[in-house]
Structures are given as structure tokens and as C-alpha cells.
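The values are calculated or read from the model by the stated rules, or taken from the named source; none is laboratory data. Computed from a predicted structure; not experimentally measured. Reconstructed Cβ throughout: ideal geometry from the backbone, glycine too, with neighbour counts over all protein chains shown. Accessible surface areas use protein heavy atoms only, side chains included; no ligands, DNA or RNA. Shrake-Rupley method; radii C 1.70, N 1.55, O 1.52, S 1.80 Å.
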Amino acid sequence: MRCRASLAATMAVMWLGLAHAPVSAADATPTIRVHDAWIRWLPANLPAAGYMTLANIGDKPEILTGASSSDFGEVSLHVNRLEGGSITMMPVRRITIDPHSSLSFAATGYHMMLVQPNKPLKPGDHVLITLQFAGGSSLTAPFDVRKPDSSRADSRHER
């Protein structure tokens, strides 16, 4: 009887300790919502581009630091800039989304480059992409694969 009481007390202390353990940064959810997430499909395994709108509903800036997907060998953040009369695509390491604001990814600005697909994709498919944020938090969102000339209205989903 004494052994059972001791075991129960030990388990209760352990449970209380776990219940009050601090949440790690990796477990924290960013205050970001993903809207209109889609990938511009191109034939013959050409690099694809990913677009979305990120809405920061929080009171602090969120900083996007990277992205990954099991469906692509590499996902990287880029921006197109007008320099000397021509458009140049440049990789970026960080993208800040201000509090209570939205940032749209588009062909003429920020976007994701998706290279080395691990399987053939076609319009109508869905791909999961995990967005990584400063501080270690992440958010996984489904992206619709669409033809380059598809309407954005085809994909009005909030994540």
C-alpha cells in the first residue's frame, strides 16, 4: 500500500512538472495566416514558383526565414527587383511581415523558388510547404498547383 502511494505521489509530481514546462520556440505558433497559397506549374520539371499572402494578426513583426517541402529538393525565398532597367531575381534570407499587416508574394516581388521536384506534379495537385520563422516557429500550409494562366480566385483558402 505504501509503495502504491509513493508511486502515485511520484507520478503526480512528474505530471505537474510536465504541465508547467515551458513551451519551446519550435512549438510556438506564429501569428501568421496564409491565404491564396499556390504554385505556378511549369512542364518538364522546370523550377516552379510559389505565391501566397501572409497576414500577421499579431502585435509583433514576424520574420520568415525559410521554407521547405518534402515534394521538392529545394525551396528558397527570392525577390525580383528592378535594377538598371531590367528585372533581377535575388535570394533573400529574411522577410519581415509587420504587425497587423499583409504581404503578398507575386511574380513581380517576393516569391518562393521550388526546384528538383521529387515526383511529377500537375495542375490540381496539392503540395505542403512548411514556412520557418525567426525564433524557431513554423507553419505548414497546403499550396494548390495551378497553370500559369489560372485565376487566383480558384484558390481562396485560408490556412
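What ranking of Leu131, Leu82 comes out by heavy-atom accessible area, probe 1.4 Å, highest first?
The ordering from most to least exposed comes out as Leu82, Leu131.
Ignoring solvent entirely, what values of log10 I(q)/I(0) come out of the Debye formula for the range 28-113 at 0.19 Å⁻¹ when each Cα is a single scatterer?
-0.92
What nm distance separates the two modelled labels at Glu74 and Ala107, each placed 7 Å from Cα along Cα→Cβ?
Here the modelled spin labels are 2.3 nm apart.
Give me the number: length gained by fully extending Lys60 to Leu42, i.e. 0.36 nm times residue separation minus the C-alpha to C-alpha distance, one decimal in nm.
2.8 nm
May I ask you to derive the FRET efficiency for Arg93 and Arg33 from their Cβ-Cβ distance with R0 = 22 Å, giving the value to the nearest 0.05?
Details: r = 23 Å, r/R0 = 1.03.
Calculated value: 0.45.
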